[in-house]
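Colleague: This structure is in structure tokens; I'll ask about it shortly.
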Amino acid sequence: MDPNTYIVRALKKIFLIRSRLLIAFFGLIFLIIGFCGLLSVHVQAVGNLFTSSTSFCNFTRDLEFGMVGDDVRELQKYLNNNGFPLAQTGVGSPGKETTIFGILTKEALIKFQNAKLQTIPAATKLKEEFGSFFVDTRSLINSSQKSGVENASSYSLIYIAGSGGAIVGATNQIVKSGENGLSVTAIPNSGYYFTKWSDGLSLNPRTDINVMANKSITANFSRYRGGFVNSVSISRYTLSYTAGAGGTISGTTLQTVSNGSSGSAVTAVPSAGYAFVGWSDGVVTAERTDSFVTEHKTISAIFAINTYTVTFDINEGDDGSTAAQTLTYNTPTALTANGFTRTGYTFAGWATTAEGEVTYADEASYTIGTGNVTLYAKWTINTYTVTFDGNGSTGGTEPNDQTKTHDITLVLATNSGTLIKTGYTFDGWNTAANGSGTDYAEGENYTANVGVTLYAKWTIN
């Protein structure tokens, strides 16, 4: 073969290979660009689904399980930012909110509604089914965002009991920035023991101090297996005693007791106006000592408010009756209306002693203390007015009015004002202007228990 021809053919082959390599290279470049574009679209879609921005949304429509929308995502952000997280990690957690109203949203909303019933009086007006976002809850959240109730000036502390135990104390707390929460205690069920809190703390009881952020903390428990934990025999149990409304507990309320041993004595002490009823496990004695302890116990003392009797004394009255009244301690109640009477007297009110002054008017509000009470009727004697009329006199003045006291004789006035009537002589008094009534002489005794007008009686000259 001619050398020149061979060289030409070789150069053609080299050019062909180079062209194919260039085509493959640019094809790869276009493939990478297309993949990046697809990835960008995917990332943008994910960004539309998940977001971590703070929620400040004015909610305008009802939301419930199964609904989809941007306002669902805003509701999730609000719950996450204000101490009611949908989840700690993964979908629904802060920064990964979605537009779907699912089970995580519903459960977090129920926690929020329960917490608001305990901490915000206005929330007691919630009427809708918990887990739904209707007008009452919507208005509450909208107003809280405007007023700043849920902003950084206060924080939520939420304590959750994991499987195998319970929490004693306020599990949903609203704490002002920098202040301390209330103490809570993780109490394991029988066959379990407390391990630690989800934030790593093992202190039990715990009190969160200098609170500067929302917290949702779970108490973790583990099961005893076959009577051993890490090859160590179960040997200690917890006794927790709590007081219901109306009393306190004297003694150590949280005790750790060795297996089969006894705890220390505790006593249920009722507050003023309350009585001890019993313990939640059926024990009826106020003082108790749990012996031969082989399990964890959480026991509450139960108290009931007392009632007392108000008895009404007629106190020199002569007729009628007023029924005794049962009142609840420290609760203002209207007294029973007086039913007593006393001839010649008017009921004035009630006194706390027979000789005392009036303290309570008829049907007045009365707040009873810690004992039965007797109230005594108080009476005011009746009086009657005697008035004098000149009955056509032409001179002089009538005597001043006189007051007649019930059952006490009154000496009638004389013609002290020298009443005169031209052509007539004064001849005493009469209960009728025409003289047809009862005659009374000047200075005569008046004994009737009734008011009267006495007219001057005139005899023609």
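Read the figures in this text as sums done on the coordinates, not as results from a lab. These numbers were taken from a predicted model, which means no experiment stands behind them. In this analysis, Cβ positions are derived from the backbone assuming ideal geometry, glycine residues included, and neighbour counts consider all displayed protein chains.
Colleague: Fully extended, how many nm does the chain gain between residue 363 and residue 68 (0.36 nm per residue separation, minus their Cα-Cα distance)?
Modeller: Extra length available between residue 363 and residue 68 comes to 100.1 nm.
Colleague: Return the distance in nm (one decimal) between the two label points of a simple spin-label model at residue 394 and residue 291, each offset 7 Å from Cα along Cα→Cβ.
Modeller: 11.3 nm
Colleague: PRE reach from residue 414 (point 7 Å along Cα→Cβ): which of the stretch 441-461 fall under 16 Å by backbone N?
Modeller: Taking a point 7 Å out along Cα→Cβ of residue 414, the residues of the stretch 441-461 whose backbone N falls under 16 Å are 441-445.
Colleague: What FRET efficiency do you get for residue 176 and residue 385 if R0 is 45 Å and r is their Cβ-Cβ distance, rounded to the nearest 0.05?
Modeller: 0.10
Colleague: Mind sorting 360, 446 by how few other Cβ atoms lie within 10 Å of their own Cβ, fewest first?
Modeller: If I rank by nearby Cβ atoms, fewest first, I get 360, 446.
Colleague: While we're here: How far, in nm, would the chain grow between residue 143 and residue 264 when pulled straight, counting 0.36 nm per residue and subtracting the alpha carbon separation?
Modeller: 38.5 nm
Colleague: Another question, if that's okay. With every atom except the alpha carbons ignored, what do you get for Rg and Dmax of the stretch 279-344, in angstroms?
Modeller: Taking only Cα atoms of the stretch 279-344, I get Rg and Dmax of 22.9, 76 Å.
Colleague: Still on this structure, I have one more. Can you tell me which aspartates and glutamates have their Cα less than 15 Å from the Cα of residue 196? Leave out same-chain residues fewer than eight positions away.
Modeller: 208
Colleague: So which aspartates and glutamates can residue 116 reach, going by Cα to Cα under 16 Å and dropping same-chain residues fewer than 8 places off?
Modeller: Reachable aspartates and glutamates: 107, 128, 129, 136, 150.
Colleague: Along Cα→Cβ, 7 Å out, is where each label goes; now give me the distance between the ones at residue 254 and residue 355 in nm to one decimal.
Modeller: Computed distance between label sites residue 254 and residue 355 equals 5.9 nm.
Colleague: Still on this structure: In nm, what is the difference between 0.36 nm times the number of residues separating residue 319 and residue 459 and their Cα-Cα distance?
Modeller: The span from residue 319 to residue 459 would gain 45.6 nm if fully extended.
Colleague: Note down the nm distance, to one decimal, between modelled labels 7 Å out along Cα→Cβ at residue 199 and at residue 422.
Modeller: With each label placed 7 Å out from Cα toward Cβ, I get 10.9 nm.
Colleague: Rg/Rh for the stretch 232-282: what does it come to with C-alpha atoms and Rh from Kirkwood?
Modeller: Taking Rg over the Kirkwood Rh, I get 1.08.
Colleague: While we're on this one: Send over the per residue convex hull volume for the stretch 67-108, Cα only, as a whole number of Å³.
Modeller: 52 Å³
Colleague: Residues in the stretch 367-394, backbone N under 14 Å from the label point at residue 407 (7 Å along the Cα-to-beta-carbon vector): list them, ranges by number please.
Modeller: Those under the cut-off are 379-383.
Colleague: Could you give me the ³J(HN,Hα) list for the stretch 242-258, computed from phi with Karplus coefficients 6.51, -1.76, 1.60 and θ = phi - 60°, whole Hz, x at Gly and Pro?
Modeller: Working through the residues one at a time gives 10, 9, x, 4, x, x, 9, 10, 9, x, 7, 7, 10, 10, 10, 10, 5 Hz.
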